[in-house]
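The values are calculated or read from the model by the stated rules, or taken from the named source; none is laboratory data. This is a predicted model, so every value here is computed, not measured. As a convention, Cβ positions derive from the backbone with ideal geometry for all residues, glycine included, and neighbour counts pool all protein chains shown. SASA here: full protein model, heavy atoms, side chains in, ligands and nucleic acids out. Shrake-Rupley method; radii C 1.70, N 1.55, O 1.52, S 1.80 Å.
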Amino acid sequence: MGAATVAVASTNGFLLGCTGQALEKPTLAAGANPKKPSYFDRFGVNETMMREGLTEALAHGGDKADLFFQHRVFNVLVLEDGEVNRASTQVELGVGVRVVRGDQTGYAFTEELTRDAILRAAKTAAAVADGPARPGPKEFAISGSPQRYAIDVTWDGVKPGQKLPILDGINAAVFKADGRVKKVTIALMDEAGAILIADSEGRIIEDIRPMTAMYVSCVAEQGGRRESNGYNVAGRRGLDFYSTDLLGRVVREAVSRTTVLFDAAPAPTGEMPVVLAAGSSGILLHEAIGHGMEADFNRKGTSIYSDKIGKPVAKPFVSIVDDATPEHARGAINVDDEGNPAGVTTLVDKGILTTYLHDAISAKHYGLQPTGNGRRESYQHAPMPRMRATYMLPGPHERDEIVASVKQGIYCQSFSNGQVNIGAGDFTFYVKNGFLIENGKLTRPIKDVNIIGNGPKVLEKIDMVGKDLVIDEGGWTCGKNGQGVPVSQGIPTVRVASITVGGQAQKQG
């Protein structure tokens, strides 16, 4: 379909609608009240069905059992070469039945939301236990939860015709921003849906979970040489997320991060001070450090942090949290996927490792309360400890003071990919955008740079932390054991005393 035919740009390059008027406001989706556990009524789910399912799940004992219902409608529109050439909708509906016995989990799921299908799944999950039957809950209590991402209009109430002008406007704006741009690709994703958890303790918790993300990438050409890069934003928000200001910033970042590569030179190689820019550099904190603080790795003794609780792991001005509360953030949750309250978990307090990220199983193992980190990709998966929004708290230093402290080093602005050995924390990350630091100043842009190190050792080597914490707005998804969950991350400007920098050595002379 040709989106360009309906586009009319406003003065700043973005579309208000095909006639230049404000878009029609979508109608409120039915059953979207996040405070009432009524979303799954439309699928015939009721308390009798849940009670019988949990009773069957406990037919051979077990410590606890739960049902995880999920409905998710995921839409993708991709504009490329001036036209929307890909569009898809994925619908997921099902329920997972879990039985926990000690550290063991029995799990089964069905995509048929009927009494008989749930009983069959429960019988399969119950095979993990071999004791006498336990009674299911006699009655349920509705658990409330915070509302950290309530939106006026859920995405199932938004029509494709309301999304297309946004894509068209960005496409035109990117080409207009720089004559060297030759190709633009824009992907808009949105998600509507909910989860409902019923467990053997008699709790019922429902959570409406919106999500959207936009990725803008471009290819530019100069003197026969081509460079590509992009920018993306995401959040648990509705259509009104895509304001003129936000879209303008997305365009500027996508274009500038691409065209600056024409001026970029290879970085020097070897051990040197590295300054991590505030924001997306938090990927290093997430991958190389945060995973090592997930309790399942420590319970199994495979994390380097398994014997570090109560011990110093960083300088006294370093504190790290995992936070479910940033409103509308991609990594925010009201409750975790076990129905437990999700708040702020302080992992490192003034340099001391204080706790791990726990689901219910690991919390019981350590004799603690769950930290609200039990998460799963979908009803097809059992939960496990996962991060939410993980970031380092602000420190005592000014950003400019940190840069000025480095005589010869590099400044890492954005990363595109990397690899990490979660147990040991060894990592390699590819720096997409960065700058040389020479005599305390940012000088030439650099590219084709890898930084190589060990997460726990890098944490020890952080010797300056800025006051300028930024939680990145990008669409990060964390993968672990074959499951992907949405997360957020952030960091202030940070100086690491030394990291191995790999790349192409500069020519001499």
Worksheet, complete the sentence: Here region 102-112 yields Karplus 3J(HN,Hα) values (6.51, -1.76, 1.60; θ = phi - 60°; whole Hz; Gly and Pro given as x) of x, 8, 9, 10, x, 9, 8, 9, 9, 9, 10
Worksheet item: Cα centroids of region 166-211 and region 468-491: how far apart, whole angstrom?
Response: 14 Å
Response to the item:
Karplus-derived 3J(HN,Hα) from phi for region 178-185 (6.51 cos²θ - 1.76 cosθ + 1.60, θ = phi - 60°), whole Hz, x at Gly and Pro, runs 7, x, 7, 5, 10, 8, 10, 10
Response to the item:
Averaged per residue, the 1.4 Å probe accessible area of region 182-228, protein heavy atoms only, in Å², is roughly 30 Å²
Worksheet item: Which residues' amide hydrogens lie under 5 Å from the amide hydrogen of ILE499, considering only partners 5 or more residues apart or on another chain, with H built in the peptide plane?
Response: MET272, VAL274
Fill in: ASP245/LYS159 FRET efficiency (R0 30 Å; Cβ-Cβ; nearest 0.05)
0.80
Discussion item. If each residue of separation counts as 0.36 nm, what is the full-extension length gain between LYS183 and THR443 once their alpha-carbon separation is subtracted?
Written reply: 90.7 nm
Discussion item. What distance in nm separates the two pseudo spin-label positions at LYS457 and ALA265, each 7 Å out from Cα along the beta-carbon direction?
Written reply: 2.9 nm
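Over region 350-509, what percent of the accessible surface lies on carbon and sulfur atoms, probe 1.4 Å?
49 percent
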Item to complete: Report the percentage of all Cα-Cα pairs in region 261-374 whose separation exceeds 24 Å, rounded to a whole percent.
Response: 35 percent
Worksheet item: With every protein chain left in place, what is the accessible area per residue of region 273-355 in square angstrom, probe 1.4 Å?
Response: 29 Å²
Discussion item. In whole Hz and in residue order, list the ³J(HN,Hα) couplings for region 113-128 that follow from phi through the Karplus curve 6.51 cos²θ - 1.76 cosθ + 1.60, θ = phi - 60°; x for Gly and Pro.
Written reply: 8, 10, 4, 5, 5, 5, 5, 5, 5, 5, 5, 5, 5, 5, 5, 5
Practice prompt. Quick one: which residues, 5 or more positions from LYS64 or on another chain, have an amide H under 5 Å from its amide H? H modelled 1.01 Å from N in the peptide plane, none for Pro or chain starts.
Written response: VAL100
Item to complete: Just need the Rg to Rh number for region 107-266, please, alpha carbons only, Kirkwood Rh.
Response: 1.21
Worksheet item: Bin by bin, in steps of 10 Å, what percent of the Cα pairs in the chain do you find, going until the bin that has the longest distance?
Response: 4, 18, 25, 24, 18, 8, 2, 0, 0
Discussion item. Expected output is a single nm value to one decimal: the length gained when fully extending between GLU398 and GLU52, i.e. 0.36 nm times separation in residues minus the C-alpha distance. What is it?
Written reply: 118.6 nm
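Rank these residues by their accessible area, most exposed first, probe 1.4 Å: HIS397, HIS365.
Order by accessible area, largest first: HIS365, HIS397.
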Worksheet item: Relative contact order for the chain using alpha-carbon pairs under 8 Å, separation at least 6, rounded to a whole percent?
Response: 15 percent
Worksheet entry | Gyration tensor (alpha-carbon) shape descriptor, region 305-361, a/c threshold 1.5 | oblate
Fill in: Residue-normalised accessible area of region 362-426, expressed per residue, 1.4 Å probe, Å²
42 Å²
Worksheet entry | Inter-centroid distance (Cα atoms) of region 246-296 relative to region 332-375, Å | 27 Å
Discussion item. Please report the carbon-and-sulfur percent of the accessible area for region 178-319; probe 1.4 Å, protein heavy atoms only, DNA, RNA and ligands left out.
Written reply: 49 percent
Discussion item. How charged is the neighbourhood of GLY409? Take every other residue with its Cβ under 12 Å from the Cβ of GLY409, and add Lys/Arg as +1 and Asp/Glu as -1.
Written reply: +1
Response to the item:
For LYS123, counting only lysines whose alpha-carbon sits under 20 Å away and dropping same-chain residues fewer than eight positions off, the answer is LYS64, LYS138
Worksheet entry | Difference of contour (0.36 nm per residue) and Cα-Cα distance, PHE74 to GLN419 | 121.4 nm
